[in-house]
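Okay, so here's the structure we're looking at.
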Amino acid sequence: MKVYIGCFGSGLGHASRMLEVAGELRSRGTEVRFSSSGEVVSLIRSKGFECNPLPLADVRYSESGEFALRQTVLDGLPILSRAASQVRLEAGNMIRFGPDAALSDSSLATVAAGKLLGLPTFTVLNQLNLVAPHGAERMRSKVLGTGVSAVMGQLWGMSDEILLPDLPPPYTISERNLWGSRVGKTRYVGFLSPREEGPPDEASVEFASSAKTKVFWPISGPPSTRAGLVRAALACAKALEDEYEFAVTGGSPDSNHAAVRIPGGWFYGWCEVPGRYFASCDAVVSRAGHATISQAILSSKPSLLIPILKQPEQEGNADKASRLGVSMTLEQSRLDPRMLRESLEELTRGSFKERAEALGAMANGMDAKAAIAETLASCSGHRHDADGYAPRQTFSASGGSPRP
């Protein structure tokens with residue numbers, strides 16, 4: 001069997017979870033080929049998979065790392081042009097590879113190309129709704145987002161089935177971005193986050209044996225959103241080195257993969273063994289990307305979340321994780337050593353750990369990799385025009401109900 005996987009190329013979370021699926025598929029004898037954009041292509045290739053490069057079609061961010069609505073609207077036509085180019089390139093890539101099925105992680109181009117070619121096409125997605133940011137732009141962005149959500153919903157709905165990499169209600173981290181959608185054919189499959197990796201390096205062994213409170217700080221997101229948080233993390237690690245042991249990662253797969261000693265702990269440009277740190281730390285500090293929150297929960301660790309400013313998806317994720325009692329949320333503008341110390345003291349001495357352990361046990365009871373691999377295997381050799389392939393009946397995330 002052959003499966004073609006297309007990953008949205010902004011940030012590394014989409015590719016990270018699809019690499020987990022690809023590893024499962026490869027272990028079952030399936031041939032896999034990827035497509036993505038930018039630095040994500042390098043990450044996928046470094047894991048031993050072929051990856052076709054595509055132009056990036058993404059929203060805009062300011063130099064400070066905020067979501068830039070006005071610039072995104074102004075650049076709407078170039079973004080749409082790149083999106084159309086993606087579809088054309090994806091169709092050609094699929095024709096040359098000859099897959100039995102297409103799997104998209106938040107890549108509309110992969111869905112469109114797969115359907116144009118009559119392939120069984122599935123989507124992994126944790127955002128069906130576009131939610132307006134807060135502030136002065138809220139009303140106009142809400143109007144814009146409502147219209148765009150309706151159009152996007154129709155496009156995602158071309159998929160034979162949408163597999164939601166999240167926990168079923170009422171524990172859904174992406175509830176603000178999923179509940180209330182009119183998109184059908186959805187199924188919760190559980191978190192998709194790395195659970196196995198190679199042997200520990202020297203830094204991760206020293207970190208795990210530290211008698212101090214241990215904090216893992218994996219920084220992720222689009223490149224323009226990372227630099228400011230890296231600087232803040234290093235400053236906090238230095239200021240709190242007497243009390244805490246930090247491991248900070250810069251989230252850039254093209255940078256140095258070796259750990260470097262810093263005041264207060266360790267720094268990686270890119271960390272190859274994040275699971276070691278999730279397992280041994282006392283708390284996690286991170287953006288509010290879905291993949292990182294998933295890993296923290298699967299590791300049963302409480303977290304301090306610092307969402308990208310005016311990025312509604314991350315704001316929604318952070319709000320739900322906080323309401324579940326496994327996380328706290330802090331605006332980046334308020335991040336300093338004093339606020340970090342206060343937050344970490346509450347996270348590690350309160351009931352956050354107990355709730356994180358309970359939710360982690362439930363999350364680990366679901367096997368998303370196997371569910372997706374079995375879904376793809378069920379359509380091996382079948383195209384819509386060839387054997388009457390049809391997706392299985394599933395429950396829907398629509399309607400906003402807190403129950404499946």
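The values are calculated or read from the model by the stated rules, or taken from the named source; none is laboratory data. No experiment lies behind these values; they were computed from the predicted model shown. Note that we place each Cβ from the backbone using ideal geometry, even for glycine, and neighbour counts take in every protein chain shown.
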Report summary line: Of the listed residues (V124, V151, V143), the one being closer than 27 Å to A102 by Cα, of a type in the set (V, I, T) and modelled with pLDDT under 90 is V151
Query raised in the report: Is there a residue in the stretch 337-348 that is touching a helix residue (DSSP H, G or I) at 6+ places or on another chain (Cβ under 7 Å) and assigned by TED's automatic domain parsing to the domain that holds A237?
Result: yes
Query raised in the report: Failed condition for T394, given (1) modelled with pLDDT of 95 or more; (2) among the hydroxyl-bearing types (S, T, Y); (3) in a loop (DSSP other than H, G, I, E, B); (4) in contact with a strand residue (DSSP E or B) (Cβ under 7 Å, 6 or more places away or on another chain), with all others met?
Result: (1)
Query - Residues within the stretch 296-313 that are within 20 Å of L229 (Cα to Cα) and part of a loop (DSSP other than H, G, I, E, B), tallied - result: 7
Report task. Report, by residue number, each residue of the stretch 68-92 that is modelled with pLDDT under 90, closer than 19 Å to T110 by Cβ and out of contact with any Leu (no Cβ under 6 Å at 6 or more places or on another chain). Result -> I79, L80, S81, R82, A83, A84, S85
Query raised in the report: Does the stretch 327-372 hold any residues that are part of a loop (DSSP other than H, G, I, E, B) and more than 14 Å from I306 (Cα to Cα), and which are they?
Result: G350, S351, N364, G365, M366, D367
Query raised in the report: Do you know which residues across the stretch 268-299 are surrounded by fewer than 23 Cβ atoms within 10 Å (Cβ to Cβ), closer than 16 Å to A233 by Cα and either in contact with a helix residue (DSSP H, G or I) (Cβ under 9 Å, 6 or more places away or on another chain) or not assigned by TED's automatic domain parsing to the domain that holds E354 (or both)?
Result: W270
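Among the residues of the stretch 277-295, is any in a loop (DSSP other than H, G, I, E, B), modelled with pLDDT of 95 or more and over 30 Å from N129 (Cα atoms)?
Yes: one or more hits.
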Query raised in the report: Name the pairs whose Cβ atoms lie under 6 Å apart, with the first residue in the stretch 358-379 and crowded, with 21+ Cβ neighbours inside 10 Å, the second outside any helix (DSSP H, G or I) and at pLDDT below 95, and 6 or more positions between them or separate chains?
Result: A368/L192; C379/Y389
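Can you tell me which residues in the stretch 224-263 are hydroxyl-bearing (S, T, Y), more than 19 Å from the chain's Cα centre (by Cα) and modelled with pLDDT of 95 or more?
Of everything in the stretch 224-263, just one residue is hydroxyl-bearing (S, T, Y), more than 19 Å from the chain's Cα centre (by Cα) and modelled with pLDDT of 95 or more, namely Y244.
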Report summary line: Counted residues in the stretch 91-130 being polar (S, T, N, Q) and in a strand (DSSP E or B) come to 3
